[in-house]
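A.B. asks: One structure, pasted below without further comment.
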Amino acid sequence: ANAADWASRSIYQLVTDRFALPSSSSSTPCDTTKRTFCGGSWSGITNHLDYIQSMGFDAIWISPIVTNVDGTAYGDGYHGYWTLDLTTPTSHFGSTDDLKALSAALHKRGMYLMLDVVVNHFAAPPLNNVTLASNVSTEVFANAAALLKLNYTVLQPFSTSSDFHPPRFISDYTNQTDVEHCWLGDTLLPLPDVDTEDETVQAELYAWVKNMVNEYGADGVRIDTVKHIRQDFWRGFSDSGGVFTLGEVLTDNATYASSYIGTAVDAVLDYPAWYNVMTAFGNTTGNLSALFEAPSLAALATSTVNSSALTASFLENHDQPRFPSVNSDPALLMNAMTWTFVGDGIPILYYGQEQGYTGGQDPSNREALWLSGYATDKPLVAHVTSLNAARKMAIASNKTFLASRSQWLAQPNQGAVMLSKPPLLALMTNVGSSNNNQPTWVIPPGTYPANTTLVDVLACQKFTINANASAGSGVTASGGMPKVLVPDTLLSKGGGGACP
Ligand code: ABC
Ligand code: CA
């Protein structure tokens, strides 16, 4: 599937080891602090596709599938990002037939499979007894690298030091050469940086991704550590994969992130907006103007690349503390989640968010989902289901919805903001659930024709736009909750699912 095919999708991101056991059980414990395998598998995912699909998702993003290093100072490679052998799928998540069966089961439902791929680095535990303190300076590490003796021979298919850039950790994240040529990781677990400047290495990686996509019927790939390899490597890599590519460029700088869209990969994760959304909704005193002070990543990409340039929006992922660990007010969470689905990016929901999981920093944010019993009677499950339905309704009713760019509308009232992406209008607030002073949103004149009846698909309540079109219409918040408005004619035109 290509970028255009993905534009209308909605993605459920899961950590394979933590999503579902091969046979159902809700009592198998999973202590995230142990940083080891809890037993999730590809066949477990296959058995729980109803759960994912009934919330309105039509794509899943699973953990990297290759053989990882286990038994490191930071535990085992249960997350999949510590490649030992790129050429062999891990045995921890089941057989390759299980993975193919998952792919086939998804396709039978019209759903897409997104594989997560890591080619910037491998993971190599130090071989000898030279123990360097974990907080040793990067300079010291660079000089002591020879002493540290990494075991390159266990890595596949790149088994010699010459397949990697010289050992030196990234010391200056503002220096792009450092970012591309130096190493991630630390002295306890260095992540040898692949010499992607070497043409043989490059050709091998291009062939690898092509094979991977074909072998497992992947419809798209999420690419790890994109900013750590030069852009023209990625263009060839994306083309070789032949399917949609979504890159991770971890930065709060929208201009920097946008430079990768179209040139290196089809789309990037909208980290810049994520930082702003956390600033705005992470606290009842958060700064809402952070949302619209600077051009968004999607807007920048539209102007510099083209109008179909893509981003992907997320509120949580496996690298960041979950929202409720930052602020436990469910109303703030519901507001922040709304942005993911009403904005310009392809929406991504990180597994467990719908169950109200609260894990903080890695590794706490990688809880086992089976402990929730996959309950579907939860408020957040209903919330995400409504949001997905609203987005699908908007896509179906407005041919320009996907290519249009959403707009944040500042509000005259404290704690209120609106996100407009016709036919959707999201009314959002960060005042919180227990504030007695709930704000009023003022829908600007002309947003909808006079007398239009709107439905808030989250509460299934109706509002009518002021008959005096120049006056604007006020809607008052309740309990700090957001509202997502659409003209009620869309609901009657087969937009059901959003409201009964
Ligand atoms: C393990 C342990 C952790 C422990 C850590 C030292 O080692 O689990 O508890 O703290 C994988 C695993 C992790 C593991 C790491 C390292 O490997 O999942 O559990 O951590 O062994 C990708 C993946 C990620 C994966 C890797 C490595 C890469 O999504 O899951 O981690 O394969 C950088 C990379 C980014 C990478 C991330 C982890 O590290 O760029 O691709 N993610 C700055 C830098 C960023 C940098 C970030 C690290 O710090 O600019 O490049 O990300 O925290 C903003 C700035 C940002 C800035 C942030 C902090 O502040 O705009 O630029 O980011 O204001
Ligand atoms: Ca690199």
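The values are calculated or read from the model by the stated rules, or taken from the named source; none is laboratory data. Note that this is a predicted model, so its numbers are computed, not measured. Cβ atoms come from the backbone with ideal geometry, glycine included; neighbour counts cover every protein chain shown. Remember, those area values only see protein heavy atoms, side chains included, never the ligands or the DNA or RNA. Shrake-Rupley method; radii C 1.70, N 1.55, O 1.52, S 1.80 Å.
A.B. asks: Going through the range 449-474 one residue at a time, which ones are within 32 Å of the chain's Cα centre (by Cα) and not charged (D, E, K, R)? Show your work before the answer.
C.D. replies: Filtering the range 449-474 for residues within 32 Å of the chain's Cα centre (by Cα) gives 454-461.
Hits for the range 449-474 are L454, V455, V457, L458, A459, C460, Q461.
A.B. asks: Do you know which of the residues in the range 107-122 that are hydrophobic (A, V, I, L, M, F, W, C) and surrounded by 23 or more Cβ atoms within 10 Å (Cβ to Cβ) is nearest to ligand 2 (Cβ to nearest atom)?
C.D. replies: This residue is V119.
A.B. asks: Turning to a different aspect of this structure: Checking I465 against (1) open to solvent by less than 20 Å² (accessible area, probe 1.4 Å); (2) closer than 16 Å to M334 by Cβ, which test does it fail?
C.D. replies: Failing condition for I465: (2).
A.B. asks: Shifting gears a bit: I want to confirm something. Restricting to the range 164-214 and keeping residues that are under 26 Å from the mean Cα position of the chain (by Cα), within 11 Å of ligand 2 (Cβ to nearest atom) and of a type in the set (D, E), which single residue is farthest from W82 (Cα to Cα)?
C.D. replies: Taking the candidates together, the pick is D178.
A.B. asks: Which number in (1) open to solvent by 60 Å² or more (accessible area, probe 1.4 Å); (2) among the charged types (D, E, K, R); (3) closer than 19 Å to P500 by Cβ marks the one condition that K399 misses?
C.D. replies: Tallying (1) open to solvent by 60 Å² or more (accessible area, probe 1.4 Å); (2) among the charged types (D, E, K, R); (3) closer than 19 Å to P500 by Cβ, K399 fails exactly one: (3).
A.B. asks: Right, here's the next one. Go through the range 358-393 residue by residue and tally those that are within 16 Å of D17 (Cβ to Cβ) and under 16 Å from the mean Cα position of the chain (by Cα).
C.D. replies: Narrowing the range 358-393 to residues within 16 Å of D17 (Cβ to Cβ): 359, 362-372.
Narrowing the set further to residues that are under 16 Å from the mean Cα position of the chain (by Cα) leaves 362, 365-366.
The total comes to 3.
A.B. asks: Just to be sure, is F57 among the aromatic types (F, W, Y), farther than 30 Å from G262 by Cβ and crowded, with 19+ Cβ neighbours inside 10 Å? Spell out the reasoning first.
C.D. replies: Values: among the aromatic types (F, W, Y): yes; farther than 30 Å from G262 by Cβ: no; crowded, with 19+ Cβ neighbours inside 10 Å: yes.
Here the answer is no, as F57 does not meet what is asked.
A.B. asks: Output the number of residues of the range 377-425 satisfying the condition of being assigned to a loop (DSSP other than H, G, I, E, B), without any contact (Cβ under 8 Å) to a residue 12 or more places away in the chain and not charged (D, E, K, R).
C.D. replies: The first filter runs over the range 377-425 and keeps only residues assigned to a loop (DSSP other than H, G, I, E, B), leaving 377-378, 398-406, 411-415, 422-423.
Subset that is without any contact (Cβ under 8 Å) to a residue 12 or more places away in the chain: 377, 399-400.
So of that shortlist, the ones also not charged (D, E, K, R) come out as 400.
Result for the range 377-425: 1.
A.B. asks: Quick check on my filter: what residues within the range 333-383 are over 24 Å from A3 (Cβ atoms) and among the β-branched types (V, I, T)?
C.D. replies: T338, T358, T376, V381
A.B. asks: Run T447 past the list (1) assigned to a loop (DSSP other than H, G, I, E, B); (2) in contact with a Gly (Cβ under 8 Å, 6 or more places away or on another chain) and report the number of the one that doesn't hold.
C.D. replies: Of the numbered conditions (1) assigned to a loop (DSSP other than H, G, I, E, B); (2) in contact with a Gly (Cβ under 8 Å, 6 or more places away or on another chain), the odd one out for T447 is (2).
A.B. asks: Wholly within the range 177-261, which strands (runs of 3 or more DSSP E) include no fewer than the required count, namely at least 3 residues that are within 16 Å of ligand 1 (Cβ to nearest atom) and touching a residue at least 40 places away in the same chain (Cβ under 8 Å)?
C.D. replies: Working: elements: 184-186, 189-191, 220-223, 244-247.
Strands (runs of 3 or more DSSP E) meeting the threshold: 184-186, 189-191, 220-223.
A.B. asks: Moving on. Take the residues of the range 38-54 that are over 19 Å from S91 (Cβ atoms) and not β-branched (V, I, T): which is least open to solvent (accessible area, probe 1.4 Å)?
C.D. replies: Just the residues of the range 38-54 that are over 19 Å from S91 (Cβ atoms), to begin with: 47-54.
From the residues that got through so far, the ones that are not β-branched (V, I, T) too are 47-51, 53-54.
Details: N47: 103, H48: 33, L49: 1, D50: 100, Y51: 17, Q53: 67, S54: 75 Å².
Here the residue is L49.
A.B. asks: Right, another one. Where residues in the range 457-500 are at pLDDT below 95 and among the charged types (D, E, K, R), which of them is farthest from P412 (Cα to Cα)?
C.D. replies: K493
A.B. asks: Name the residues in the range 152-176 that are more than 11 Å from ligand 1 (Cβ to nearest atom) and assigned to a loop (DSSP other than H, G, I, E, B), would you?
C.D. replies: Across the range 152-176, the qualifying residues are L155, P157, F158, S159, T160, H165, P166, P167, R168, S171, N175.
A.B. asks: Also: Looking only at residues in the range 405-432 that are of a type in the set (G, A, S) and under 14 Å from F341 (Cα atoms), which one is surrounded by the fewest Cβ atoms within 10 Å (Cβ to Cβ)?
C.D. replies: Of all residues in the range 405-432, those of a type in the set (G, A, S) come to 406, 410, 415-416, 420, 426, 432.
Remaining after also requiring under 14 Å from F341 (Cα atoms): 406, 420, 426.
Working: S406: 20, S420: 18, A426: 27.
Ranking the candidates gives S420 first.
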